[in-house]
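All of the numbers you see were taken from the coordinates with simple rules; none came from a lab. The structure presented is a predicted model; accordingly, all values stated were derived computationally and were not measured. All Cβ positions, glycine included, derive from the backbone under ideal geometry; neighbour counts span all protein chains shown.
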DNA sequence: GTCTATATCAAGATAGAC
DNA sequence: GTCTATCTTGATATAGAC
């Protein structure tokens, strides 16, 4: 017999915000129910009156992340600089400024039934709609951007690699392609 | 007072091979010292006579993975088809055929002091030397390939996405660029 | 909505005997 | 080289009182 827990309450939002602080500051291994409770000044079991389980907590974080990435994309679209460059910069900046959050939202399969419908779609739509390329090209471009961000986060490029230049080369490649695309 | 354990013994290789089976079959959460020992018919503590700790075991797996990826690149270079396409196919195939191994070797920072010097370099050298592009372009291309593989493994593309086409678009983009490169 | 107490589980690793 | 026994740690989650 499982209790029904409302999806959105102030306390729940507070728990997710606290979880986010811990994740961003100390990484995923520090994100435990106990750590969240400690920071809120309560005991871990009390959390379960507000949120069903840890998985729900993580999906709450993913939801927030998609919302903020969407916000970043909207701001980039409004900027006056080259659109492709502006969107790429927004994406890269988000990843570098929120590495643990970025990993959380990209490193695993996503159970879309556990996040608010539309959260992911909005970010995807904003990123794709800006370009003239085909869907296939948009997917390839996303793969490039994700690869650049995650390999940088994982420190896989040589320490002296000029990643700004690698971004430029990649974007130049796709720009050429999209001008030829539908 | 720590015991010195030889880096390469038959038993050690056997342990790593067993660990690989478990990782590939059942994923990282199944890869425990106990599971490895069970499959070998011994007790977990006995493993520590042959390998220092679990981290060493994982780095042994990463080493094997780089060696095999290097082999795949060599085979691709010898093929008669378009080089860029052949290398990309080899990379993608490796990732899809060994998803857990691929994740293990790419998802984290790499402590290069714990793998055999040259293992990573060989794979990198084989992949880069084939192209005429700049280093920056090579890095962008790697990011594209990694992004395509890991997003496919994480099922992030729509189920009906035609990933062959996305690969084609991305490779076409980089090909155009490299023809203009140094 | 919070608490205490507890169930449950599982991991990596060491000591010391044989 | 393998064993048994054990240490140490830490996690998610539930029951039931207040």
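Shape summary of the range A:10-181, radius of gyration then Dmax from alpha carbon positions: 18.0, 59 Å. As a rough guide to protection, the peptides B:170-180, A:141-151, B:37-47, B:144-154 ranked by mean Cβ packing within 10 Å, highest first, stand as A:141-151, B:144-154, B:170-180, B:37-47.
Using C-alpha pairs below 8 Å separated by at least 6 residues, the relative contact order for chain B is 21 percent. Where does helix B:163-180 land angle-wise versus the long Cα axis of chain B, in degrees 0 to 90, nearest 10? Once rounded, one gets 70 degrees.
Going by the alpha-carbon gyration tensor, a ≥ b ≥ c the square roots of its eigenvalues, is the protein assembly as shown rounded (a/c under 1.5) or, if a/c is not under 1.5, prolate (a/b greater than b/c) versus oblate? Here the protein assembly as shown falls in the oblate category. For the pair the range B:21-94 / the range A:76-118, the C-alpha centres are spaced 31 Å from each other. Over the protein assembly as shown, DSSP H runs of length four or greater, each weighted -39,500 (n - 2.57), average out per residue to a 222 nm ellipticity of -22000 deg cm²/dmol. Going by alpha carbons, how many degrees (0 to 90, nearest 10) lie between the helix axis of B:54-78 and the longest principal axis of chain B? The answer is roughly 30 degrees. Residue by residue along A:129-136, Cβ atoms of other protein chains within 10 Å of the local Cβ number 3 on average.
For the segment B:164-171, counting C-beta atoms of other chains within 10 Å of every residue's C-beta and taking the mean gives 6.
Counting only other chains, and only Cβ atoms inside 10 Å, what mean value do you get across the residues of A:149-156?
On the way: counts 2, 7, 7, 2, 2, 6, 3, 11.
Mean inter-chain Cβ contacts per residue within 10 Å come to 5.
Placing a label point 7 Å from the Cα of residue B:25 along the Cα-to-Cβ direction, the distances to the matching points in the other copies come to 4.3 nm, shortest first. Relative to the dominant Cα principal axis of chain B, helix B:135-153 is inclined by about 70°.
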